[in-house]
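Before any comments, here is the structure.
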Amino acid sequence: MTREEGASQYGRHSGNRQNGVHSILIEKRLHAMKIGLAVLEHVWNRQSHPNGQEALSKARDVLVGLIPSIEKAYANSKSASPQRTLLERRLKSLELAIQAINEHCGEYDVFKR
């Protein structure tokens, strides 16, 4: 069995539509992370960023949407494990990015866990 056949058997390459939707979701999340990083760099290093209000708002919504799945993985991780440390850092970075976007947009309803 080839690698592609095995992947198809387990549903990973089960169709172009599903694969396309998955790719779009990943691209959307990656774009939101890049915007979050750009805003944090703006705050920390006074670097400019080309993102408008609408892009910032969409990025914030995507970033907020990532938090529940990370929290679920965190709850299932073992105490003092490297995975838990990574998840803690991911949550903190998302919270900081969301806060920076909110402050940049003039919305001070800072995300609270």
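Assess whether Arg90 counts as being surrounded by 14 or more Cβ atoms within 10 Å (Cβ to Cβ), of a type outside the set (Ser, Thr, Tyr) and in contact with a Ser or Thr (Cβ under 6 Å, 6 or more places away or on another chain). No, not satisfied. Scanning segment 65-84 for residues that are open to solvent by 50 Å² or more (accessible area, probe 1.4 Å) and either closer than 13 Å to Ala100 by Cα or not in a helix (DSSP H, G or I) (or both) yields a count of 3.
Among the residues that make up segment 43-50, is at least one of them assigned to a loop (DSSP other than H, G, I, E, B), among the aromatic types (Phe, Trp, Tyr) and surrounded by fewer than 17 Cβ atoms within 10 Å (Cβ to Cβ)? Looking through segment 43-50, none of the residues is assigned to a loop (DSSP other than H, G, I, E, B), among the aromatic types (Phe, Trp, Tyr) and surrounded by fewer than 17 Cβ atoms within 10 Å (Cβ to Cβ). Just checking, does segment 40-48 include any residue being among the acidic types (Asp, Glu) and either more than 20 Å from Arg90 (Cβ to Cβ) or in contact (Cβ under 8 Å) with a residue 60 or more places away in the chain (or both)? Checked against the condition, which is being among the acidic types (Asp, Glu) and either more than 20 Å from Arg90 (Cβ to Cβ) or in contact (Cβ under 8 Å) with a residue 60 or more places away in the chain (or both), segment 40-48 yields no hits at all.
The values are calculated or read from the model by the stated rules, or taken from the named source; none is laboratory data. This one's a predicted model, so the numbers in the text were calculated from it and none came from an experiment. Using ideal geometry, Cβ is built from the backbone for each residue, glycine included, and neighbour counts are taken over all protein chains shown. For the accessible areas, the whole protein counts, side chains as well, though only heavy atoms, and no ligand, DNA or RNA atoms are used. Shrake-Rupley method; radii C 1.70, N 1.55, O 1.52, S 1.80 Å.
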